[in-house]
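> First the structure, then my questions, so here it is.
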Amino acid sequence: MSTPSIIFVHGIRTSATMWRGQIELHEAAGRRVVAVDLPAHGKRMDEPFTLAGARAAIDEAVAELPGPHVVVGLSMGGYIALHWAARAERPPAAILAASCCTQPSGAALAGYRAVAGAIEALPDQGRFLGNTMARLTLSPDAARDVNAGGVPWGVMGQALTAMNEVDTLADLATIEAPIWFVNGAWDHFRTQERRFVAAAQYAQLCVVPGAGHLVSLDRPEAFARLTGLLVERTRLVTA
């Protein structure tokens, strides 16, 4: 039986380094793992953010690791993972989509873009606010992991403009792989989680008590257990 590889996809204004703790836990369990940097983030910070570039980043990771694959994305990374899976030539065996259960369009996206625009208009493009929030809401290790790959403070506008082209509910209807939606109980992006589950062909919802939007950082052990469980179930199904 071949254990699926895991591909981690980060959220906006972070990078592959945010997954350090998860990678260590899964590698200790003998699993093959890679975390991608999306365009305009991490090692690819000099590139513009595009949906095509984001999909290509996951394609590159798929080519690096033996299949089957479980793709894990958080926040924007979750939307991107689903967007990629709906179009992938080598689709995933399963997807864990975390903190991404609000349709990224219409009034919700417009409001988020307005807030992001106001933050990026600050003299420091939101550095002080971002660093303060990380210090207040994350553990020291988690805050270091989030910042270790560099923070692209000016990426919000172009990334959110690109996300306006994403119709996650339509993508869900075409994905044949099982999808686990994982949300923190206090996440503000879980407003449409029941609608998302209903839109998918095969899906289930997991809510992590005491966690917020950055559920993998707020409750890393619980998140790793859920990811590991999905990987092991996928291994049995694909054997």
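> For a Förster distance of 25 Å, can you work out the FRET efficiency between the beta-carbons of ALA28 and LEU236, rounded to the nearest 0.05?
E between ALA28 and LEU236, to the nearest 0.05, is 0.75.
> May I ask for the net charge around ALA185, where only other residues with Cβ less than 13 Å from the Cβ of ALA185 are counted and Lys, Arg are +1 while Asp, Glu are -1?
Its environment carries a net charge of -1.
> In what sequence, highest mean first, do 216-224, 142-150 appear when ranked by Cβ atoms within 10 angstrom?
Top of the packing list down: 216-224, 142-150.
> Heavy atoms only, probe 1.4 angstrom, no DNA, RNA or ligands counted: give me LEU65, LEU74 ranked by accessible area, highest first.
I get LEU65, LEU74, largest accessible area first.
> Report the Cα centroid-to-centroid distance between the range 73-91 and the range 213-236 in angstrom, as an integer.
Going from one Cα centre to the other spans 17 Å.
> Under 12 Å from a point placed 7 Å out from the Cα of ARG90 along the Cα-to-Cβ direction: which residues of the range 28-71 have their backbone N that close?
58-70
> For ALA35, enumerate residues with amide H under 5 Å from its amide H, sequence gap 5+ or separate chain, H modeled in the peptide plane.
Counting only residues 5 or more places away or on other chains, the set is PHE8.
> In whole angstrom, note down how far apart the Cα centers of the range 1-23 and the range 190-204 are.
22
The values are calculated or read from the model by the stated rules, or taken from the named source; none is laboratory data. Computed from a predicted structure; not experimentally measured. Note that each Cβ is placed from the backbone with ideal geometry, even for glycine, and that neighbours are counted across all protein chains shown. Areas reflect the complete protein model, heavy atoms only, side chains present, ligands, DNA and RNA absent. Shrake-Rupley method; radii C 1.70, N 1.55, O 1.52, S 1.80 Å.
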